[in-house]
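For reference, the structure discussed in these notes is given below.
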Amino acid sequence: QVQFVESGGGSVQAGGSLRLSCVVSGSTLRINNIGIDWYRQAPGKQRELVARITPGGGTYHADSVRGRFTISRDNTKNTAYLQMNNLKSEDTAVYYCRFSSGGSWGQGTQVTVSS
């Protein structure tokens with residue numbers, strides 16, 4: 001069974017940085033052969049797509065994070081990353097990763113940004 005384990009969240013002040021990690025295990029799929037998405041869900045709001053990396057390495061970032069967040073991956077570790085710079089209070093949320101094609105969710109990692 002595929003598992004997504006997110007980590008790297010924490011509490012930071014506005015303007016700070018965090019790097020989230022997403023380790024994919026329990027699957028024969030390699031992340032360089034399938035797209036990976038990062039989502040986030042803030043209290044009282046719907047889960048939203050933040051960033052995507054395609055099998056070919058192409059990336060997409062939501063307008064709200066473009067220029068501040070960067071999605072990447074390490075194929076040797078079957079791990080995806082989300083580098084988050086210049087964090088804002090509105091980035092406070094639980095962050096999740098999963099395959100772009102859908103499927104199960106991990107437990108997420110909490111990011112809290114104080115102004």
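Below are the figures for this structure:
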| quantity | calculated |
| --- | --- |
| Search result, residues across region 8-36 that are open to solvent by 70 Å² or more (accessible area, probe 1.4 Å), of a type in the set (Ser, Thr, Tyr) and assigned to a strand (DSSP E or B) | Ser11 |
| Meets criteria (of a type in the set (Val, Ile, Thr) and at pLDDT below 95) for Thr28 | yes |
| Test: residue in region 37-57 that is open to solvent by less than 20 Å² (accessible area, probe 1.4 Å), touching a residue at least 12 places away in the same chain (Cβ under 8 Å), out of contact with any Pro (no Cβ under 7 Å at 6 or more places or on another chain) and outside any strand (DSSP E or B) | no |
| Scan of region 79-104 for residues that are of a type in the set (A, V, I, L, M, F, W, C), in a strand (DSSP E or B), at pLDDT 95 or above and open to solvent by less than 20 Å² (accessible area, probe 1.4 Å), ordered by number | Ala80, Leu82, Met84, Ala93, Cys97 |
| Within region 58-67, considering residues that are more than 17 Å from Ile31 (Cβ to Cβ) and part of a strand (DSSP E or B), the one least open to solvent (accessible area, probe 1.4 Å) | His61 |
| Out of Val5, Val111, sole residue that is part of a strand (DSSP E or B), within 13 Å of the chain's Cα centre (by Cα) and modelled with pLDDT under 95 | Val5 |
| Per-region count, region 72-91, residues touching a Lys or Arg at 6+ places or on another chain (Cβ under 9 Å) and either in contact (Cβ under 8 Å) with a residue 60 or more places away in the chain or of a type in the set (Val, Ile, Thr) (or both) | 9 |
| Boolean, Thr76 is of a type outside the set (A, V, I, L, M, F, W, C), in a helix (DSSP H, G or I) and either open to solvent by 40 Å² or more (accessible area, probe 1.4 Å) or at pLDDT 95 or above (or both) | yes |
| Region 46-81, residues that are touching a strand residue (DSSP E or B) at 6+ places or on another chain (Cβ under 8 Å) and of a type in the set (D, E, K, R) | Arg47, Glu48, Arg52, Arg68, Arg73, Asp74, Lys77 |
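The values are calculated or read from the model by the stated rules, or taken from the named source; none is laboratory data. Here the structure is a predicted model, which is why all the values come from computation and not from measurement. Counting neighbours? That spans all protein chains shown, and the Cβs are built from the backbone with ideal geometry, glycine included. Each accessible area value is taken on the protein alone, full model and side chains, heavy atoms only, with ligands, DNA and RNA left out. Shrake-Rupley method; radii C 1.70, N 1.55, O 1.52, S 1.80 Å.
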